[in-house]
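The values are calculated or read from the model by the stated rules, or taken from the named source; none is laboratory data. Source: prediction; values computed, not measured. Note that each Cβ is placed from the backbone with ideal geometry, even for glycine, and that neighbours are counted across all protein chains shown. The protein model used for the area step is the full one, side chains on, heavy atoms only, and it has no ligands, DNA or RNA in it. Shrake-Rupley method; radii C 1.70, N 1.55, O 1.52, S 1.80 Å.
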Amino acid sequence: MKALVLLSDGRHPVSGRPAPAGTELQAIALARGLTEEVAGLYAGPDAAAARTALGHGLARLEHRRLPEGDDPLPSLAAAIAAAAPDLVLAGRRAGAGAQTGLVPYQLAEALGWPLVPDVVALTVADGVLEAVQALPKGARRRWRVKLPALVTVHPAAPVAASFAIGMARSGHVEDAPGIDAPQDGTALEERPYRPRPRLIASAAAGASAAERLKAATQSAGPGGRVMVDPTPEEAARAILEHLRALGVLKPAPGRD
Amino acid sequence: MNAASALSLVIVALAILLAVEAVRVARRWHVGRPASVDWWAGLAAIPKRYLVDVHHVVARDPYAARMHALAAGGLLAGSALAVLGLVPPLAGSRWLWALAAIAFLVALAGGGMVGRRRYPTRPARLSGGAFQRLPLLLVGYFGGALLVALDAVLDLTGPLGWLGLVVASLGGFGLVRLLADGPMRHAFAGALHLAAHPRPGRFEGERATALIPADLDAPRLGVAVPADFAWNRLLGFDACIQCGRCEVACPAFAAGQPLNPKRLIQDLAGSFKDAPPAYRGSDYPQARPVAGVSGPERPIVGAGALIHPDTIWSCTTCRACVEECPMMIEHVDAIVDLRRFQTMELAAVPAGAIAPLSESRYAEEPGGRALAARTDFAAGLPLPLIAEKGSCDVLLWLGSGAYELRHGRTLRALVELLRRAGIDYAVLGPEERDCGDLARRLGDEATFADLARANIATLGRYRFNRILTADPHALHVLRNEYPAFGGHYEVVHHSALLDELAADGRLALAAAPDGRLTYHDPCYLGRYNGETDAPRRLLDRLGLERVEMERHGKRSMCCGGGGGAPVSDIAGERRIPDIRMAQARATGAKTVAVACPQCAAMLEGVTGDVAEVRDLAELVLAAVEAAVPQGAPR
Ligand code: SF4
Ligand code: SF4
């Protein structure tokens, strides 16, 4: 069984330095759980970021050289056709840089392979892949697909290996020209990465660690109410009250 | 032929046997890597290193010091005198045998003390097995030889001399048999270890606490199998006398984490032998099951090997074990060497360490935070950038604590004090990368080296007289570990600078009536850098009632925050900071003064009956503010 992990030209979201994308490293870890034969594939001008994946457990990286701005799709499709892997893994979505998160889908279409997005666990038996897919709110769904197939990896997958310089040194890169595919300047908007702020109540500045912990843990969330088998009227009233309390709806007419 | 000359012959025979055994022991070190050793200087220095440096450690336990002086001194003197009895003009000399009798009497007293310490009950820190039989053999050899000597002096008729000879021979033979794999190995290996010590600077008054850079071009990074250790490291492990002083000092052991430095050194001493003797001391707390196989080319760390990974990741690199070890063994070097292989070749680090190591590599900051955000703590305070000034007197190194709310308060106090004292200071701001301490202690030498070189290049662009930091970990790295990478700086801890400013009157202090206070020494300031006086002098200037915890100064106990232990987070039965806070409370102190962001974070994380945690800078600022009359211009 052969697995190929697609790598992107990642950037660290804060430092902006070449860095592997987290889900791609998790993809390497998942693939290594299935087979010894795991290689990386990257198409683009500069493999600095993709190379870092060697230190996270990838033994071999195939680099298809492309001029800046070219579409990597034809090169990737050709490389996959040549390597004939059973499974191709990719990260889930753009981490940084010019990543759209669409490449796995376009590849699946070009190759005519099934794609399971957002997987967190993989097993293979008799040429059939069993993938556990992460759904919102912790739900999971199990898929069975015949190989070859493509999967994208969800951040909830098991943690990736740390960087080991020894592995980075012994891994090797195969460099080959890609297939030039100039694209007309697509209108992309670039915005700086901003993680979503987490809402936690804060204690007064100068409070001790214990006080801050209390503030952060005690008042988390707006609270709520559990109603068991309410009548529709009761339920509607409770929802309206709640929305008014939040200020989403205007106060009830006719009162104060 | 009388009993006395027979004893002389027996001792010569024993000495020959001893030499054969010694060669066998020494040959086992051969599997190790070569090391450059200055043999002549080392051998010549043994007496001084023994009498000064070893004695300095041993004497902390006066009973043990006396016991050892009597037993070892008497053994060597008595045996040598007895052998002299073979020299014709001295043969049968009553004076000679009288001297020998005194020596053996002294030795017997020492042997008795060895026994007294172990019987009727053996303290937990001491090992059993052959160690428990040792006093019997000592008493046999010394007592028997004493009888022979008395026989020679007093011309006793009858079988007493011959009886003594038999007992002495049995005891002596038993002792020689304990050379290769028993308690007596420490004498031979210990002496050679003093001569061939991997850190000879320790004996020349150097701090010698900096980790030794790993050779990043080596085919294998770190230590995987015993043969990867330099031979004199293997020698060092063999020198262990299983006294258990390191065990008593180790915070991880006290917290019930699966680490016992004594057992670890014994495992390492057994690792390069095919059939090491059974260990009969206290085990790793909550010991994880391991296969327990040894051999020069067998892996050391792993569940299928000799030492469980949790053992090496429990260490806080506090150096308490090294400080206490009378055999001058370097536990921390060994642990970091083992970690280096796990981290740099296997990527086998504890889950909690993965993110800080990755962020250290890709964001040059273990928390993955923006370098420019390091100065956010100072909002409103003047914090000039050296890039704008070009040069300054004092360059303030902020460290990773600057991102934390707690240490931010300390740094605000420190900056305010610098401002009031009229110091010409500046910071690197967004140009300050992490110093690499965490990565290095976790065994990631490659990332550390990258960070060190980047920081040294940055520092090289600016002119400043000295670097000031409130973080002893950064202090140690910048002062002691960057020189190996070409960065030489004068680095001062804020306790020393504030003490200096208070001494020459640039900071006026008023007594702050703050009640009883105790000072917790940071490992990286006290043990690693020997700075235990300045913080105390400074505190005493504040006019507080300062009391000492039982463990303080260079023998202080760790807060649990070093060596990446908080991120490795190996579970124990208790928490190290809880133990330390209880020690602080036991003094009746209502405030515990700290001088390190890690200590502040660890000790402030303790709940329940706690003393207030204040950094020196905060205490000093309070005293300075109290000294300014209300409404007076500052
Ligand atoms: S390592 Fe040192 S302190 Fe620990 S038991 Fe051995 S000799 Fe004693
Ligand atoms: S350095 Fe500290 S934590 Fe590590 S083994 Fe020694 S005493 Fe224990």
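At a 1.4 Å probe radius, carbon and sulfur cover how many percent of the accessible area of the protein assembly as shown?
58
Quick check: convex hull of the Cα atoms in the protein assembly as shown, volume per residue, rounded to a whole Å³?
So the per-residue hull volume is 250 Å³.
Could you give each residue of region B:80-88 its phi-based ³J(HN,Hα) in whole Hz, using Karplus coefficients 6.51, -1.76, 1.60 with θ = phi - 60°, and x for Gly or Pro?
Going residue by residue, I get 5, 4, 5, 5, 4, x, 7, 6, x Hz, with x marking Gly and Pro.
Charges only on Cβ, +1 for Lys and Arg, -1 for Asp and Glu: so what's the dipole of region B:3-194 about the Cα centre, in debye to the nearest 20? Show your work: numbers first, answer last.
Working: 17 positive and 7 negative charges, 150 e Å.
Magnitude of the dipole: close to 720 debye.
If the viscosity is 1.002 mPa s and the temperature 20 °C, what Stokes-Einstein diffusion coefficient in µm²/s follows for chain B when Rh is the Kirkwood radius over Cα pairs?
80
Take the alpha-carbon centre of region B:20-55, take the same for region A:16-55, and report the distance between them in whole Å.
Taking the Cα centre of region A:16-55 as reference, the centre of region B:20-55 is 48 Å away.
If you take the Cα Rg of region B:85-215 and divide it by 2.2 N^0.38 Å, with N the number of residues, what do you get? Mind showing how you got there, number by number?
Working: Rg = 19.9 Å, N = 131, 2.2 N^0.38 = 14.0 Å.
Compared with the compact-globule rule of thumb, region B:85-215 sits at 1.42.
Equivalent-ellipsoid semi-axes (√(5λ), Cα gyration tensor) for region B:367-634, whole Å, largest first?
28, 25, 16
Give me the dipole magnitude in Debye, nearest 20, for the protein assembly as shown about the Cα centre, with unit charges on the beta carbon: positive for Lys and Arg, negative for Asp and Glu.
Dipole size: approximately 2060 debye.
Enter the accessible area of A:Thr35 (Å², nearest 10), with the probe set to 1.4 Å and all protein chains included.
Near enough 20 Å² of accessible area.
If the only charges are +1 at each Lys and Arg Cβ and -1 at each Asp and Glu Cβ, what is the size of the charge dipole of region B:196-261 around the Cα centre, to the nearest 20 debye?
On the way: 6 positive and 7 negative charges, 32 e Å.
Result for region B:196-261 is approximately 160 debye, rounded to the nearest 20.
When the Cα centres of region B:555-580 and region B:319-368 are compared, how far apart do they sit, in Å?
15
With only alpha-carbon atoms counted, please give the Rg and Dmax of region B:1-55, in Å.
Here Rg and the maximum Cα pair distance are 17.0, 50 Å.
So what is the 222 nm mean residue ellipticity for the protein assembly as shown from helices alone, if each DSSP H run of at least 4 adds -39500 (n - 2.57) and you divide by all residues, rounding to the nearest 500 deg cm²/dmol? Kindly include the intermediate steps, with their values, before the conclusion.
Values: 35 runs with 383 residues, N = 890.
Result for the protein assembly as shown: -13000 deg cm²/dmol, rounded to the nearest 500.
With every protein chain left in place and a probe of 1.4 Å, what is the accessible surface of A:Thr100, to the nearest 10 Å²?
For A:Thr100, solvent-accessible area is about 80 Å².
Through the Karplus equation 6.51 cos²θ - 1.76 cosθ + 1.60, θ set to phi - 60°, convert the phi angles of region B:389-402 into ³J(HN,Hα) values in whole Hz; use x for Gly and Pro.
In residue order, the calculated couplings are 8, x, 8, 7, 7, 10, 9, 8, 8, 7, x, 6, x, 4 Hz.
If I model region B:3-194 as equal point scatterers sitting on the Cα atoms and use the Debye formula, what is log10 I(q)/I(0) at q = 0.09, 0.12, 0.18 Å⁻¹?
For the requested q values the scattering log ratios are -0.37, -0.65, -1.28.
Could you pull out every residue, at least 5 positions away or on a different chain, whose amide H is within less than 5 Å of the one on A:Ala121? Hs are placed 1.01 Å off N in the peptide plane, and Pro or chain starts have none.
It is A:Val132, by chain and number.
Show the residues, 5+ positions off or on another chain, whose built amide H is closer than 5 Å to the amide H of B:Glu364.
none
When ligands, DNA and RNA are left out and all protein chains stay put, how many square angstrom of accessible area per residue does region B:358-484 have with a 1.4 Å probe?
Per-residue value: 29 Å².
Can you give me the solvent accessible area of B:Glu612 with a 1.4 Å probe, rounded to the nearest 10 Å²?
Surface accessible to solvent at B:Glu612 totals approximately 100 Å².
Keeping all protein chains in place and using 1.4 angstrom, which order do B:Arg516, B:Arg506 fall into by accessible surface area, from largest down?
Sorted descending by solvent-accessible area, the residues read B:Arg506, B:Arg516.
Obtain the radius of gyration and the Kirkwood radius of region A:59-138 from its C-alpha atoms and give Rg over Rh. Write down the numbers at each step before the final one.
Numbers: Rg = 14.2 Å, Rh = 14.6 Å.
Rg divided by Rh gives 0.98.
Buried accessible area between A and B (1.4 Å probe, both chains summed, ligands and nucleic acids excluded), in Å² to the nearest 100?
Summing both sides, the interface buries roughly 2000 Å².
Provide B:Asp569, B:Asp444, B:Asp53, A:Asp46 ordered by accessible surface of protein heavy atoms (probe 1.4 Å), highest first.
Sorted by accessible area, descending: B:Asp569, A:Asp46, B:Asp53, B:Asp444.
If you rank A:Lys2, B:Lys273, A:Lys137, A:Lys146 by how much accessible surface each has, with a 1.4 Å probe, what is the order from largest down?
A:Lys137, A:Lys146, A:Lys2, B:Lys273
How long are the semi-axes of the equivalent ellipsoid of chain A, taking √(5λ) for every eigenvalue λ of the Cα gyration tensor, in whole Å from largest down?
Details: eigenvalues 374, 108, 83 Å².
After diagonalising the Cα gyration tensor, the semi-axes are 43, 23, 20 Å.
Please go through the residue pairs B:Lys262/B:Lys554; A:Lys2/A:Lys137; A:Lys214/B:Lys590; A:Lys214/A:Lys250 and name each one whose alpha carbons sit more than 26 Å apart in this structure.
Beyond 26 Å between Cα atoms: A:Lys2/A:Lys137; A:Lys214/A:Lys250.
Specify whether the C-alpha gyration tensor of region B:197-345 places it in the rounded, prolate or oblate class, a ≥ b ≥ c being the square roots of the eigenvalues: rounded for a/c under 1.5, otherwise prolate if a/b is larger than b/c and oblate if not.
rounded
Skipping prolines and chain starts, which residues have an amide H placed within reach, meaning under 5 Å, of the one on B:Arg33, given they are 5 or more residues away or on another chain?
B:Phe229, B:Ala230, B:Trp231
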